[in-house]
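Worksheet: one structure, shown below.
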């Protein structure tokens, strides 16, 4: 099984996904109701395999916080932990990048579209100059689906495209991410009614490494995910995604089958956090 199919299978095996119901004739969500402050707890894992053996593993945990400031949001990362876990070696803490430490002013509308993302810092400071303009909008797209202008007909899809160009920053690249969304059904979690939005994204990078260490540019990156949106609160409460990248030609000759990755995020204080943090019965 390829890394992409393996990690997609792990996503679809999530306990929350198992409660999905059939699509009903209820309207597709077309707008969020953002509170003045909220936060997502995010977990991310990537693994590179040689045959069936994991030869590299990366883990990241953090909190993405939002707070209203001057009719927009101030967004920042908190409690960031990044680790490289190589077999047979002591875990190594990864250094922070600029986006891990800065605050950003973000314009986030009711449809989930980020129209502005600027660091709250002096452009003369090196960390401010190195921050990738596209990093936060691309991260938020996994957590917050871009909703259609009007209710989508049953079974139909809609698309969102983010074009980015982070050159000439040291880690910068340019390309695009095209995401297709579809409401797959509705359900409830502990009595709270939910929409289930599924999505598939293709990222094409035409310069640089596309944000994945050790993976060459020009390799399309595919991801599949789903998001639970609370119908009453009109806000995403749980997101999970997975994908994979084929190895460059030189590494495939060494039996490296590529890198698979998966992640999840849940709204702090939501019914999902209560379920995930509850002790086993």
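Points worth noting:
- Taking 196, 63, 93, 162 and counting other C-beta atoms within 10 Å, the order from fewest to most: 93, 63, 162, 196
- Estimated FRET transfer efficiency when R0 is 41 angstrom, pair residue 86-residue 161 (beta carbons, to 0.05): 0.65
- Distance between the modelled labels on residue 118 and residue 30, one decimal in nanometres: 3.2 nm (7 Å Cα→Cβ projection).
- Sequence ranges 68-79, 259-270, ranked by mean other-Cβ count within 10 angstrom, highest first: 259-270, 68-79
- Label sites at residue 95 and residue 54, each approximated as a point 7 angstrom past Cα along Cα to Cβ, lie 2.6 nm apart.
Coordinate-derived values only; no laboratory data. The model shown is predicted, which means the values in this text are computed figures rather than measured ones. Heads up, the Cβs are rebuilt from the backbone with ideal geometry, glycines too, and the neighbour counts pull from every protein chain shown.
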